[in-house]
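Input: a single structure, listed below in structure tokens.
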Amino acid sequence: MLQGIFGALLAPAALSLLTTTFTDAKERAKAFSVYGAIAGTGGAIGLLLGGFLTEHLNWRWTLYVNLIFAVLAFVMGSALLVRTARDRSATLDVPGTVVVSAALFGIVYGFANADSHAWSSAATWGFLAAGGVLLVVFFWWQTRAAHPLLPLRVLLDRDRGASYAAVLISGAGMFGVFLFVTYYLQQTKGYTPVDTGLAFLPMIGTLTVAATLSNTVLFPRLGAMPIVAFGMAASAGGLVWLTSLQVDSGYAARIMPPLLLLGAGLGAVIAPAMSLATSGVAPEDAGVASALANTAQQVGGSIGTAVLNTLASSAATDYLVGRDPTDPAVLAQASMESYSTAYWWSAGFFLVGMIASLILYRRGAPKAGAAVPPLHM
């Protein structure tokens, strides 16, 4: 819980600091490019380091090692960040915070419950319904609160609203991809944690390159709509490609190519979406816009993981009906059925995202001064 609380403070703060500190277009482009490079490199290092620590020490070290990074960040932040005066007129929207937290908990917990309860169970639909009602109450309260947690003016811009939707959908698909490909590589193919981290490196590299190209070449000329729509379509294509994997599929010929396509698609989605999610907001709204972008991605990942796990588990159970559950070959194929189901549904998420992007985003190149897209994983 503490990790979630402090992570929720850190992630939007970093992005909003870039948004408000670098106001010149060229300087801002450089800053977000550096941010993107660090994020992509950090993702690759995290996969490898986590695999190494899990394989050679203990999985708990994947948590302990964060203390070292936290101390380094604290020391550097204390030395480099300039202390500014706090706006004492601003107050926390406590009712809004409580209501939206309860709403998101209900939605995520409801989807997670579907794995152990039927969809018709009150433990599933009850939490989902309660979460939906509380979300409506939250938005109603934001129109009444003196200091709303989420000023609706942040959401009402067409491109920003479309970007939050794109980040939410891509978060659901992306976290699902990492989860089920990891299952496949380790449980079916027998990869070690380090091998799994290495297997993801080409995807991370392609994602970083695609995000950078979208940043420096395509986004300023075309705008977000065609880039995000293409990225959604490419991601869906990569997931459909993954459904063709078999127990004995080789890495270079069968596993890596769809991962490369997925990396290119995700990079094309995340870059302009995260750009416009924080673009054009007033300085006092920069933290809210950044927090909403990060929240959308994390909530999408939570919902996607819960839903996909439920659907994958059901697919494996259905496959085992009438078959010998003690036969290793049958169990292996049941796992493949579960992975394939997760990939198909993830592809469906991205196709919905593609349609939403084509409908919601404005057409044409961004206006002068629009934010340069960062890469956030």
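Coordinate-derived values only; no laboratory data. These numbers come from a predicted model, not from an experiment. Ideal geometry is used to build each Cβ from the backbone, glycine not excepted, and the neighbour counts take in all protein chains shown.
A few comments on the model shown:
- Integer Hz, Karplus 6.51/-1.76/1.60 couplings in order for segment 62-67, x for Gly and Pro: 5, 8, 4, 5, 5, 4
- Segment 93-148 - Debye-derived log10 I(q)/I(0), Cα point model, q = 0.14, 0.23 Å⁻¹: -0.39, -0.75
- Amide hydrogen proximity for TYR191: with H placed 1.01 Å from N in the peptide plane, the residues at 5 or more positions away or on another chain lying under 5 Å are GLN186.
- Sites ALA329 and ASN58 - FRET efficiency at Förster radius 25 Å, r taken between beta-carbons, to 0.05: 0.15
- Label zone (VAL352, point 7 Å along Cα-to-C-beta; backbone nitrogen cut-off 12 Å) within segment 220-251: none.
- Per-residue 3J(HN,Hα) values for segment 337-352, derived from phi via the Karplus relation 6.51 cos²θ - 1.76 cosθ + 1.60 with θ = phi - 60°, read 5, 5, 5, 4, 4, 5, 5, 4, 5, 4, 4, x, 4, 5, 5, 4 Hz in sequence order (x marks Gly and Pro).
- Order of TRP345, TRP141 - criterion: other Cβ atoms within 10 Å of each residue's Cβ, fewest first: TRP141, TRP345
- Gain upon complete extension [LEU92, TRP140; 0.36 nm per residue less C-alpha separation]: 15.6 nm
- Where Rh is the Kirkwood radius over Cα pairs, Rg/Rh for segment 223-279: 1.13
- Karplus 3J(HN,Hα) series, Hz, for segment 163-172 with 6.51 cos²θ - 1.76 cosθ + 1.60 (x for Gly, Pro): 5, 4, 5, 5, 5, 4, 5, 5, x, 4
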